[in-house]
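Q: My questions will all concern the structure given below.
Rule-based calculations on the coordinates, nothing more; no lab input. All figures in this text were calculated on a predicted structure; none of them were measured in a lab. Don't worry about glycine lacking a Cβ; one is built from the backbone with ideal geometry, like all the others, and counts go over all protein chains shown.
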Amino acid sequence: MVAVAIAETDRPAAVGASLNVEGVSHAFDIDGAALPVLNDVSFNVRPGEFVALLGPSGCGKSTLLRLVAGLEPPRLGALFEDGRPIKGPFPSRVVVFQDPTLFPWRTVWKNVALGLEAQGVLKSQRPRVDAALDLVGLSAFRNAYPHQLSGGMAQRVALARALVNNPRILILDEPLGKLDSLTRISMQAEIAALWQRSGFTTLMVTHDVEEAVFMANRVIVFSDRPARIKADMTVDRPFPRHRGDPKLAELRSNILGLLGLDANW
Amino acid sequence: MSTYSTRSKTPALARSAGEKAAPASHSLSFPISVAKNASGALAGLAWTGFGLSCLLWQDLGDWSRTHEVAIASFVFAGSILTATLFGRFGGGLQSRAPWLLAFGLFLTIWEIATAKFAWLPLPFFPPPQAIVEVYTDDWPKLLASTVASVKLQLVGYALGAAIGFLTGVLIGWSRAVGYWVHPALRFIGPLPATAWLPFALFTFPSSWSASTFLIALATGFPVTVLTWSGVASVSNAYYDVARTLGAKPSFLVLKVAIPAALPHVFVGLFMGLGSSFAVLVVAEMMGVKAGLGWYLQWAQGWAAYANMYAALIVMSLLCSGAITLLFRTRDRLLVWQKGVVKW
């Protein structure tokens, strides 16, 4: 492999947390029968890494994210944030879902303020909300209601709502899946730049192979349900990346081959 | 000097510009403005007609306010005509001109059909002046009845809405509460609240507290069910988002479940208001010896049909006013919703 081109030292060291997934298996109860979704999944993420999770639709990637977020406990195995077991949701690990799920009864500003309000620190930390809105370029829409926003703007607000908590692990569950392709392309670069500047660890589920190799510095490919790790590869290309980069194209066709889709490319 | 001259010039310029512009705009909007003025003028004529209909023939019965009603309608007709003539018929009034016309015509026909020729059987269909007479002569009793009704309705409705809301949130939120309350709700709720009247009248210390209970019951059932369904239908995604951001259960109830359920709650409050009006009137007729329901009953007992109509009009204004108030409150609280119905 080529030498790591990302200047790891440029980023603040303490921001990102490490994540260890150890022997995790999970299943859902459907009509009394257990439907296995994760099968003995283990991997470690170093602090500040950007890991993309790829796999066939419905293979259990999003379930894995819910386990990392602490929204559900795994049936078997354990997950650790910086060596401490994950036992429930905590604002150091925030999720941006495929749907922005903004609260329609709150203005944009109050949506972004949600985490600080829930943690009871909003009164002293109001400037953080303004800063987060600035970061996603939506300060002018602070008093708008979600129904007045476009899909891309709503997803930006959801991103600001996550970032305002200074997460150590940012969990992205197909965050750009429902956006139009132009908005998606610009937001891919924005999120990658944000991650580079802030240094949080990022875990992103996506269906878009190009998106994965463009944004992440590591791609984990899962098998069909129940999901097992099929491949774990490093994307050692420098940022900012170019979509025309032949190395990325090569990597993309490798991954499509792993997903059994090379014949269609 | 210079300030003086600019001051004097500006209005003059504006005036001359206005004069020049006026004929052009007039010719442009000619048919529309004529139609508007015509409906204003016709409305004025209709009210003049109503005044004349009061005076042209002798009353068949003994009503003391015929002349006053005639004078009032002439005054009203005069003000409509003046407003139309001088273009001071503001947008609101202008859009109401057709209604004023229709209402003036209706009153004229009503006057002729009752007081003058008795085409409608007389004691049952009193003329307008008989109803006006109730307001001018019997207002103390009517006012006392109105106050009594409003008080009973307010207390009963507030209690029912508050208890219904709390119960709904609890059932929607807690499985244990749902287990115990749901069957009771299914058993008691669908029963019309008026069916409890005999029970309430001998169980409660006073007929007033019994009626309050019945109104609260009629309000509480729809509010409970809709609050409950509102809380139960809140998307899990909202809870997931709030939980990952560090929300505690109290935050999930107060800042997620309740605001998300509010649109449903208002539907419940609206339905509760409707059924509580029905209970209010029945309770006043059967139990409490006060209020507009009782006034209706009393008027009917004495064959005082004019009083009955007068009370009905007050009651309709009150109920409509209460619903308007509820919708205004909702519009204020639910500005974030798209496309809410305007009442």
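Q: If the viscosity is 1.306 mPa s and the temperature 10 °C, what translational diffusion coefficient in µm²/s does Stokes-Einstein give for the stretch B:107-214 when Rh comes from Kirkwood over Cα pairs?
A: In µm²/s, the coefficient is 87.
Q: To continue, here is another question. For residue A:227, enumerate residues with amide H under 5 Å from its amide H, sequence gap 5+ or separate chain, H modeled in the peptide plane.
A: A:38, A:39
Q: May I pose another question? Check the straight Cα-Cα distances from residue A:247 and name the aspartates and glutamates below 16 Å, setting aside those fewer than 8 residues away within the same chain.
A: In chain and number order, the partners are A:210, A:211, A:236.
Q: Same structure, new question: Find which of B:311, B:274, B:285 sits farthest along the positive direction of the dipole of the stretch B:239-343, computed with +1 on the beta-carbon of Lys and Arg, -1 on that of Asp and Glu, about the Cα centre.
A: B:274
Q: Take the Cα of residue B:155, step 7 Å along the line toward its Cβ, and report every residue of the stretch B:286-316 whose backbone nitrogen sits under 13 Å from that point.
A: Residues B:288-291 qualify, since their backbone N sits under 13 Å from the label point.
Q: While we're here: Considering amide H positions built from the backbone, and no H for Pro or chain starts, which residues 5 or more places from residue A:16, or on another chain, come under 5 Å of its amide H?
A: A:48, A:201
Q: Moving to a separate point now. Taking the Cβ of each residue in B:163, B:171 as the centre, tally the other Cβ atoms inside 10 Å and list the residues starting with the fewest.
A: So the ranking, lowest neighbour count to highest, is B:163, B:171.
Q: While we're looking at this one, here's another question. Among the listed pairs B:151/B:255; A:123/B:248; B:116/B:141, which have their C-alpha atoms separated by more than 27 angstrom in this model?
A: B:151/B:255; B:116/B:141
Q: Using Cα pairs under 8 angstrom and six or more residues apart, how large is the relative contact order of chain B, in percent?
A: 16 percent
Q: Give me the percent relative contact order of chain A, please, defined on Cα pairs under 8 angstrom at least 6 residues apart.
A: Computed value for chain A: 27 percent relative contact order.
Q: Taking the Cα centre as origin and putting +1 on Lys and Arg beta-carbons and -1 on Asp and Glu beta-carbons, what dipole magnitude results for the protein assembly as shown, to the nearest 20 debye?
A: In debye, rounded to 20, the protein assembly as shown gives about 1180.
Q: Right, something else. Whole-Hz ³J(HN,Hα) for each residue in the stretch B:121-133, computed from phi via Karplus 6.51 cos²θ - 1.76 cosθ + 1.60 with θ = phi - 60°, x for glycine and proline: what do you get?
A: x, 5, x, 7, 10, x, x, x, 5, 5, 6, 4, 4
Q: Could you derive backbone 3J(HN,Hα) for the stretch B:72-82 from the dihedral phi with the Karplus parameters 6.51, -1.76 and 1.60 (θ = phi - 60°), listing whole Hz in sequence and x where the residue is Gly or Pro?
A: 4, 6, 5, 4, 5, 4, x, 5, 5, 5, 4
Q: A follow-up question, please. Go through the stretch A:168-178 residue by residue and turn each phi into a ³J(HN,Hα) via Karplus (6.51, -1.76, 1.60, θ = phi - 60°); whole Hz please, and just put x for glycine and proline.
A: 9, 10, 9, 10, 10, 9, 6, x, 10, x, 9
Q: Only bridges whose two residues both fall in the protein assembly as shown count here: according to DSSP, what percent of them are antiparallel, nearest 5?
A: Taking every DSSP beta bridge with both residues in the protein assembly as shown, the antiparallel ones total about 55 percent.
Q: Determine the shape class of the stretch B:34-129: with a ≥ b ≥ c the square roots of the Cα gyration tensor eigenvalues, call it rounded for a/c under 1.5, and otherwise prolate if a/b is greater than b/c, oblate otherwise.
A: prolate
Q: In terms of modelled amide H atoms, which long-range or inter-chain residues lie less than 5 Å from the amide H of residue B:174?
A: Counting only residues 5 or more places away or on other chains, the set is empty.
Q: What does the charge count around residue B:136 come to, taking other residues whose C-beta lies under 14 Å from its C-beta (Lys +1, Arg +1, Asp -1, Glu -1)?
A: Taking every Cβ under 14 Å from that of residue B:136, the sum is -2.
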